[in-house]
Amino acid sequence: MKNRRLAAWIAVMLMVQMFSVGAVSVNAENTDSRAVKFLLALGIMENDANTGKFWDDTPVKRSEMAVILCRMFGFSESPEDTPEFTDVRDEDRAYVETAVRNGYMSGYGNGEFGAEDYVTNEQVIKIFVTVLGGGPLAESMGGYPLGYLNAGKR
């Protein structure tokens, strides 16, 4: 049962990443607003504080993916005593450092995480394969990105 729920979440996150969704008003009654209300109720995602809208036409940023990941799987986020990355906002730092510390995400080196870069489909697949325990299999199949893509297919 647990694997089925995780597989469903992976599918949802891949779809969210692949398709650009227009800004959605939570007060509207349509299919998009029901999905939005569901994600809001679970505490996985939030409305934009400035616009009051759930989404805009841009893909998910790497820092946003770290927040979504920690919230989706209930990881207790905690920052490092000495910040590892210089390009992460303070409000995202604990989520990013938790995702990196646990091996679900990684930075670019030289103190850069790429917080404002958009997460790619390959990165999303690597994250979820790793969360589901498929990292060793993926590494044995060639590592990132093809090993993780093949492990994800399994």
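The values are calculated or read from the model by the stated rules, or taken from the named source; none is laboratory data. Since we're looking at a predicted model, the values are computed, not measured. All Cβ positions, glycine included, derive from the backbone under ideal geometry; neighbour counts span all protein chains shown. These area figures cover heavy atoms from the full protein model, side chains too; ligands, DNA and RNA do not enter into them. Shrake-Rupley method; radii C 1.70, N 1.55, O 1.52, S 1.80 Å.
Here are the numbers:
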| read-out | value |
| --- | --- |
| Enumeration of residues in the stretch 69-84 that are of a type in the set (A, V, I, L, M, F, W, C) and open to solvent by 10 Å² or more (accessible area, probe 1.4 Å) | 72, 73, 75 |
| Long-range neighbours under 6 Å by Cβ, at least six apart or interchain, first residue in contact (Cβ under 8 Å) with a residue 24 or more places away in the chain and open to solvent by 30 Å² or more (accessible area, probe 1.4 Å) within the stretch 88-99, second of a type outside the set (Asp, Glu) and assigned to a helix (DSSP H, G or I) | 95/66; 95/67; 95/70 |
| The stretch 134-154, residues that are within 22 Å of residue 108 (Cα to Cα), open to solvent by 90 Å² or more (accessible area, probe 1.4 Å) and part of a helix (DSSP H, G or I) | 136, 139, 146 |
| Per-region count, the stretch 100-133, residues in a helix (DSSP H, G or I) and open to solvent by less than 80 Å² (accessible area, probe 1.4 Å) | 12 |
| Meets criteria (at pLDDT below 95 and within 10 Å of the chain's Cα centre (by Cα)) for residue 132 | no |
| Residues located in the stretch 109-154, provided they are among the aromatic types (Phe, Trp, Tyr) and touching a strand residue (DSSP E or B) at 6+ places or on another chain (Cβ under 8 Å) | 118 |
| Pick from the stretch 69-117, criterion among the hydroxyl-bearing types (Ser, Thr, Tyr) and out of contact with any Cys (no Cβ under 7 Å at 6 or more places or on another chain), ranking: farthest from residue 127 (Cα to Cα) | 82 |
